[in-house]
Amino acid sequence: MRSRRLVPLIAVSVFATLTPGLATAAPAAPPAPASPVATPAAQYPQQKPVWKRCAADEPASFQCATIRVPLNYAKPGGKKIGVEISRIKATSPSERRGVLLFNPGGPGGEGLGMSLDMSRELPASVRARYDLIGFDPRGIGRSTPVRCGLADSQKSWPRPYKADTYAQDVSWAKSVADKCRAKVGDTLKHITTRNTARDMDVIRAALGEKKLNYLGYSYGTYLGSVYTQMFPKRADRFVLDSAVDPEKAWRETFRIWGPEVEPAFDRWTEWTAGRSAEYQLGDTPEKVAKTFWDLVAHADRKPIVIGKTAYDGDMLRYVMRSAFFSVRVAAESTVILRDAAAGKPVPEQPDFGPIPDNHISAQWAVLCGDTRWNSSAETYRKEAARDAARYPLFGDHSGNITPCAFWGRTAEPRTKVDNKAGALIVQNEWDSQTPLSTARGMHRAMKGSKLVTVDEGEGHGVYLYGKNACADKVANAYLNTGKLPAKDVTCKAAAGKRGSQQTVVPAPKPPLQLDRG
């Protein structure tokens, strides 16, 4: 399959992270009957992938295999599940130095196709050095997917907090949690970031590698940081793009969207006022702000209809939150909304369609299962009311209750990330999903990391997708040489790249995931 294969010496080490006494207790156990697999734990890192072509309509070089892992790492001899992985081999066997594993974010994002996608995006120098490895994390896509069977009415989140509808929000949150437990059963509590990190280490061992190299986006940065915490000696070159603050996982990760959008909105009003001749939304920041809030008030009286979607004021704030981080997108979207409110014809907007049930179900499983959430509905009510008053743009949405309040006891506590593992964190200054403050939080937690900040950079995702030559150069050098920059790096946003994403009024895409704007 490959030019070299290392024999892994971690028959129990993957599982010792959950049951630390396992490694030391093993010698005292009675001898097991002779068999090809000496212990339940040993079978997982010692398995050899059976590669096959992923699909007839995809390149033959795009290969897939299934890795078996325990559903519950505390009971490795129990139920097994499949994790689907993919591979595109390094282009230069003589330069090959290992594997590069990917995660696209989410949680709930499928990563199986990332090996193929990245083979088209990565520079030749990186392609020469690594086998590119994609995978669907447990519970997602082809990796034993979980599905709660949620009705469309149960998929809407975040929900704006209002005192007179809060009881309905509580009922909704409980109904989602109850339905997931009833539908998915015992599997639900094992769909967590810690277990996905353990799966990553089984993948590493099954591929015959002593160390893992990794590129993770958004939620994938948290997954990467958890891996470095659990397996610090097996983490090699880690690029964490658009980073989550591990100290804020998970309620505070979403709650921070309330305060973070306020300065983004102020920046947008100033930028747009300076271009009043072009957009005609107001020639001062105050007038631009009034234009937007007048649209919200209009939508509350009479929803603004664009295509098949009617936007009330709450939905308008919901869909525009992320747009305000990209000033040109926000200005052009506001013009569309203004014209639609006036009954003028507007460009047809794309219909993104609903997110599949599996993605939503897996998202709640990870978010709720990673950490022990407060179970008091009254606590959420007080926090949501306070956030709504402090941060009028979005505080009521991001502060409201979620199904995690009713998820029940998690299998493990939240991972405390506090290590000196080397990693390169890359971050846009104006990122709507993982703001700069959260990347700095990741930087503090991972003391051996270096942070690359794109000054005035907009959008969610930097390396390769952000098209910033400076940031790409630093990341490429790190992946090629393993050397982090001597100090943190600041890159300038490329001229003309600000607001370069497609301008649309974002259609509602519940639930609001880390990797979705």
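The values are calculated or read from the model by the stated rules, or taken from the named source; none is laboratory data. If you're wondering where the values come from, they're calculated on a predicted model, not measured in any experiment. Cβ placement follows ideal geometry from the backbone for every residue including glycine, while neighbour counts extend to all protein chains displayed.
Can we say residue 105 is surrounded by 14 or more Cβ atoms within 10 Å (Cβ to Cβ), within 23 Å of the chain's Cα centre (by Cα) and not assigned by TED's automatic domain parsing to the domain that holds residue 365?
On the way: surrounded by 14 or more Cβ atoms within 10 Å (Cβ to Cβ): yes; within 23 Å of the chain's Cα centre (by Cα): yes; not assigned by TED's automatic domain parsing to the domain that holds residue 365: yes.
It is true that residue 105 is surrounded by 14 or more Cβ atoms within 10 Å (Cβ to Cβ), within 23 Å of the chain's Cα centre (by Cα) and not assigned by TED's automatic domain parsing to the domain that holds residue 365.
With the condition being without any contact (Cβ under 8 Å) to a residue 24 or more places away in the chain and either outside the structural domain of residue 159 (by TED's automatic domain parsing) or of a type outside the set (Gly, Ala, Ser) (or both), I'd like the helices (runs of 4 or more DSSP H) fully within the stretch 337-405 carrying at least 2 qualifying residues.
Numbers: elements: 357-369, 377-390, 395-398.
In the stretch 337-405, the matching helices (runs of 4 or more DSSP H) lie at 377-390.
Remark: pairs (first residue in the stretch 78-103, within 20 Å of residue 124 (Cβ to Cβ); second residue at pLDDT below 95 and not basic (Lys, Arg); Cβ separation under 8 Å; 6+ apart in sequence or on different chains) = 93/3; 96/3. Every condition in (1) assigned to a strand (DSSP E or B); (2) not assigned by TED's automatic domain parsing to the domain that holds residue 201 holds for residue 159 except the one numbered (1). The combined condition, being crowded, with 21+ Cβ neighbours inside 10 Å and assigned to a loop (DSSP other than H, G, I, E, B), is not fulfilled by residue 60. A Cβ distance below 7 Å, combined with a sequence gap of six or more or placement on separate chains, defines the contacts here; from the stretch 226-241, residues that are over 15 Å from residue 204 (Cα atoms) and touching a residue at least 12 places away in the same chain (Cβ under 8 Å) reach residues that are in a loop (DSSP other than H, G, I, E, B) and among the aromatic types (Phe, Trp, Tyr) in the pairs 239/463; 241/463.
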